[in-house]
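Structure first, commentary second.
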Amino acid sequence: MRLRTLFASLAILIFSTSVAFADTRFNQVKPSAFDPGKTFLVQAGWLDGIGCPTNATTAIPNASFTGVGGKGSYTDPACATGDSSDQRNQGLLLAKTGPTTTNFASATAELKGVKGMTLSELGYDIRKSGGSGGSSLGSHCGAGAPRFDIETKKAFYFLGCNSPPGIVTSSSTGWIRLRWGGSTGTLMAFNAETFVLENVIGEVKRITIVFDEGTDASGGPDMFGLAVLDNIDVNGTLVGRGRGHDNEDNGKGNEQGDRD
């Protein structure tokens with residue numbers, strides 16, 4: 001009887017532990033600068049006050065405009081939902097200054113806690129106006145940047161901001177929420193070997209956001225080498241803030257990033 005009770009207790013412990021591990025999933029987006037030549041022309045980092053505000057606190061001026069008369073709240077229509085852990089309205093700045101192809105450097109951000117997942121949805125909020133990713137107003141949204149580099153056990157995929165175009169699920173004068181997969185039922189991206197648009201399959205090994213398109217004047221209507229993202233979405237889970245010293249590796253030529 002005691003042995004049976006012990007086995008039962010162990011089974012409960014193992015089940016509980018597996019549930020706990022299952023809940024520890026996508027929970028961090030860690031920026032870094034890939035700059036092996038130390039050009040200092042790329043930057044990546046979470047910054048306070050540049051994200052898409054969800055239930056943000058505002059300061060209402062007093063009648064004489066000499067101080068704060070009260071507190072208010074503001075939510076941008078594009079991000080009615082967001083990362084509830086983000087208390088400082090952080091946004092992810094990704095920038096590349098100068099030429100695209102003749103400078104071997106990029107701003108990157110690695111998604112942590114995604115290893116072993118099967119993808120059904122990816123997305124983010126991008127600080128941009130005009131109602132679509134193809135608009136010339138605001139952050140750069142090109143075929144190659146900002147893009148998801150997705151490595152699974154089956155293949156390596158590219159998913160650009162505008163290639164294939166994401167579905168706009170909400171927008172405002174300052175932000176657009178883009179989604180790939182999700183409601184469509186299939187997450188499509190370009191196979192890196194065949195350059196064919198296909199369904200993303202296989203357990204995830206690594207996902208990185210890459211920004212490597214610079215300020216080349218001939219590159220497109222919004223080519224000024226910068227994008228601001230927020231609420232990075234993996235299978236419906238949103239991450240919209242950094243952790244600790246997320247920017248400590250910037251400019252150090254980190255070629256591989258941190259592995260899960």
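State which residue is modelled with the lowest pLDDT when the search covers only region 217-235 and only residues that are open to solvent by 50 Å² or more (accessible area, probe 1.4 Å) and in a loop (DSSP other than H, G, I, E, B). Applying the filter and picking the extreme gives 221.
Looking at 112, 96, just one residue is open to solvent by less than 50 Å² (accessible area, probe 1.4 Å) and either among the hydroxyl-bearing types (Ser, Thr, Tyr) or closer than 24 Å to residue 54 by Cα (or both), and that residue is 112.
Before we move on, is residue 163 modelled with pLDDT under 95 and farther than 26 Å from residue 201 by Cβ? The answer is no for residue 163. Scan region 29-51 for residues that are open to solvent by 10 Å² or more (accessible area, probe 1.4 Å) and either among the hydrophobic types (A, V, I, L, M, F, W, C) or under 20 Å from residue 175 (Cα atoms) (or both) and the total you get is 9. The residue that is farthest from residue 53 (Cα to Cα), counting only those in region 116-151 that are open to solvent by less than 10 Å² (accessible area, probe 1.4 Å) and assigned to a strand (DSSP E or B), is 150. Residue-level check: of (1) surrounded by fewer than 23 Cβ atoms within 10 Å (Cβ to Cβ); (2) under 25 Å from residue 171 (Cβ atoms); (3) modelled with pLDDT of 95 or more, residue 208 misses just (2).
Checked against (1) without any contact (Cβ under 8 Å) to a residue 60 or more places away in the chain; (2) over 23 Å from residue 114 (Cα atoms); (3) open to solvent by 50 Å² or more (accessible area, probe 1.4 Å), residue 84 meets all criteria but (2). Do we find a residue being in a loop (DSSP other than H, G, I, E, B), basic (Lys, Arg) and either more than 16 Å from the chain's Cα centre (by Cα) or more than 18 Å from residue 177 (Cβ to Cβ) (or both) anywhere in region 91-110? Checked region 91-110: no residue is in a loop (DSSP other than H, G, I, E, B), basic (Lys, Arg) and either more than 16 Å from the chain's Cα centre (by Cα) or more than 18 Å from residue 177 (Cβ to Cβ) (or both).
When 185, 240 are checked against the criterion of being closer than 27 Å to residue 82 by Cα and at pLDDT below 95, 185 stands alone in meeting it.
The values are calculated or read from the model by the stated rules, or taken from the named source; none is laboratory data. Keep in mind the model is a prediction, meaning the values are calculated, not measured. FYI the Cβ positions are ideal-geometry reconstructions off the backbone, even for glycines, and counts take in every protein chain you see. Just so you know, the surface numbers come from the protein's heavy atoms only, side chains and all, with ligands and any DNA or RNA stripped out. Shrake-Rupley method; radii C 1.70, N 1.55, O 1.52, S 1.80 Å.
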